[in-house]
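Worksheet for the structure shown next.
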Amino acid sequence: MKILVTGGAGYIGSITAAELIAAGHKVVVLDNLYQGHIQAVPPEAAFVQVDLADREALAGVFAAHPDIDGIMHFASYTLVGESMERPLLYLRDNLVNAANLLEYAVAAGVRRFVLSSTANLFDEPERMPIEPDNKIVPGSPYGESKFFIERMLHWFERIYGLRYACLRYFNASGDTPGRGEHHDPETHLIPLVLQVALGQRSHITVFGDDYPTPDGTCVRDYVHVLDLAQAHILAMEALDRLGSRKYNLGNGNGFSVMQVIETARKITGHPIPHVIGPRRPGDPAILIASSESIRSELGWKPRYPDLESIISSAWEWHRSHPHGYAE
Ligand code: UDP
């Protein structure tokens, strides 16, 4: 298939683009390079530097590539914390950009769409682990923006027959030898902890130790980016056979912030000092996914299910790319 990967210069998008190519698909990467890195785009992919807000440029992408079989939509603002401070980036820009993309996609006859969605849809989980049919209560403007896009897809299926998969992933993490996580500023726990181990920061601040969890720090389900990439490919390939789907993606194991720090101490051999800070707005205490439906329907099986292999792969990337793509 020929797949348009929006956000394909970003962390998860670029690694998925590379995996798509390795699986024999053709890839067009669309990215505005606002947060993405041109060095991350696989050389075999066609690349267009386009902002999804630019409708004319978007029309040009579909005119230049009239044979796109499916879209994987990663391009968006993605930070819970930022969305609590700058909600319109999320409630306006994420929505408008997705609407523009969908408008041109259906006009060009695209039939398949895989959305990079989020665990932040589940702020008040009824059960743990969280099933895809759990009641949706977005935890932040970021989660709300993804929920809205999921609803747009619902209507685009009914009205235009677009088949879609929503992949709500929990904590994307880990790296590959050639591509990895590089955000500026970095806000995610694992890369920040590894920056301390590299001597780039003096300590890590733990956001709250008074949550109702075993050690008081937040519990998350860390899932390796290569396992996420695999899930995107399986979901895209299965759309014709199974129809539209919503899947939660995680390992089904929760690890606390302190467990992440302790595992990183073991792997890096660095003491990684930490201090306890206040809670970060928008953070639920525990998020653990039930990925049962994607496992049984698509045969998805994480290859990096444990924290050690996730953090080891991240440490390899950060050690060999101490400044990410900026060298
Ligand atoms: N976290 C932390 N200190 C940091 C960054 C993150 O304690 O400097 C915590 C955060 O509160 C959350 C967990 O680590 O409980 C994972 O956060 P991250 O930003 O990596 O991913 P998110 O859960 O927001 O998707």
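Note on the stretch 1-128: Cα convex hull, mean projected area over all directions, 8.8 nm². Under 5 Å from the amide H of SER290 lie the amide H atoms of ILE130, GLU131, each residue being 5 or more positions distant or on a separate chain, with H modelled from the backbone and absent for Pro and chain starts. The alpha carbons of the stretch 90-141 occupy a box of 41, 24, 13 Å along the principal axes, longest dimension given first. For the pair the stretch 210-238 / the stretch 139-194, the C-alpha centres are spaced 11 Å from each other. With a ≥ b ≥ c the root eigenvalues of the C-alpha gyration tensor of the stretch 176-306, is it rounded (a/c under 1.5), prolate (a/b larger than b/c) or oblate? Taking the square roots of the gyration eigenvalues as a ≥ b ≥ c, the stretch 176-306 is prolate. Calculated from the alpha-carbon coordinates, the stretch 57-104 shows an Rg and a Dmax of 13.3, 40 Å respectively. Placing a label point 7 Å from the Cα of ALA46 along the Cα-to-Cβ direction, the residues of the stretch 56-83 whose backbone N falls under 18 Å from that point are 56-73. Ranked by how many other Cβ atoms sit within 10 Å of their own Cβ, fewest first, the residues GLU150, GLU44 fall in the order GLU44, GLU150. Estimated from the Cβ-Cβ distance and a Förster radius of 35 angstrom, the FRET efficiency linking GLU124 and SER320 is about 0.30. Can you tally the net charge around ARG279? Count Lys and Arg as +1, Asp and Glu as -1, for every other residue whose Cβ sits under 10 Å from the Cβ of ARG279. The answer is -2. Which one, ASP227, ASP209, ASP184, has the greatest fluctuation when you compute a Gaussian network model over the chain with C-alpha springs under 10 angstrom? Judging by the Gaussian network model, the answer is ASP184. Karplus-derived 3J(HN,Hα) values for the stretch 40-56, using 6.51 cos²θ - 1.76 cosθ + 1.60 with θ = phi - 60°, are 7, 6, x, x, 6, 7, 6, 10, 10, 8, 9, 9, 5, 6, 8, 5, 5 Hz; glycine and proline are entered as x. Using the Cβ of GLY299 as centre and a radius below 15 Å, the other residues enclosed give a net charge of +1, where K and R count +1 and D and E count -1.
Of all the options SER312, SER140, SER76, the one that moves most in a Gaussian network model of the chain with Cα springs shorter than 10 angstrom is SER312.
With each label modelled as a point 7 angstrom along the Cα→C-beta vector, the GLU308-ARG151 pair spans 4.6 nm.
If you take the square roots of the eigenvalues of the alpha-carbon gyration tensor of the stretch 85-173 and sort them as a ≥ b ≥ c, do you get rounded (a/c under 1.5), prolate (a/b over b/c) or oblate? Because a/c hits 1.5 or more and a/b fails to exceed b/c, the stretch 85-173 counts as oblate. Across the chain, the mean sequence separation of Cα contacts (distance under 8 Å, 6 or more residues apart), normalised by length, yields a relative contact order of 19 percent.
The lysines within cross-link reach of LYS135, meaning a Cα-to-Cα straight distance under 23 Å and a gap of 8 or more places when in the same chain, are LYS146, LYS246. Pair-distance distribution P(r) for the chain, from all Cα-Cα distances in 10 Å bins starting at 0: 6, 27, 37, 23, 6, 1 percent. Across the stretch 233-250, coupling constants 3J(HN,Hα) worked out from phi with the 6.51/-1.76/1.60 Karplus curve, θ = phi - 60°, read 5, 4, 5, 4, 5, 8, 4, 5, 7, 9, x, 5, 9, 10, 10, 9, 10, x Hz, and Gly and Pro carry x. A cut-off under 15 angstrom between Cβ atoms defines the neighbours of VAL257, and their net charge, with Lys, Arg +1 and Asp, Glu -1, is -2. Comparing PRO214, PRO132, PRO284 in a Gaussian network model of the chain, where Cα atoms under 10 Å apart are tied by springs, the biggest mean-square fluctuation is seen for PRO214. For VAL223, the amide hydrogen comes within under 5 Å of the amide hydrogens of ASN171, ALA172, SER173, counting only partners 5 or more places away or on other chains and with H modelled in the peptide plane.
With an a/c value of 1.5 or above and a/b not larger than b/c for the gyration tensor axes a ≥ b ≥ c computed over the alpha-carbon atoms, the stretch 20-70 is described as oblate.
At full extension, HIS203 and ARG279 could sit 25.7 nm farther apart than now, given 0.36 nm per residue minus the alpha carbon distance.
One decimal place: the segment LYS266-TYR160 gains 32.9 nm when fully extended, by the rule 0.36 nm per residue minus the C-alpha distance. In this structure, the amide hydrogen of ARG245, modeled 1.01 Å from its nitrogen in the peptide plane, lies closer than 5 angstrom to those of TYR164, ALA165, CYS166, counting only residues at least 5 positions away or on a different chain. Using a cutoff of 8 angstrom between alpha carbon atoms and counting only pairs six or more residues apart, the relative contact order for the stretch 1-118 works out to 28 percent.
For the chain, DSSP calls about 5 percent of its internal beta bridges antiparallel.
Readers should treat all values here as calculations from the given coordinates under stated rules, not as data from a laboratory. Worth saying up front: this structure is predicted, and the values here are computed from it rather than measured. Don't worry about glycine lacking a Cβ; one is built from the backbone with ideal geometry, like all the others, and counts go over all protein chains shown.
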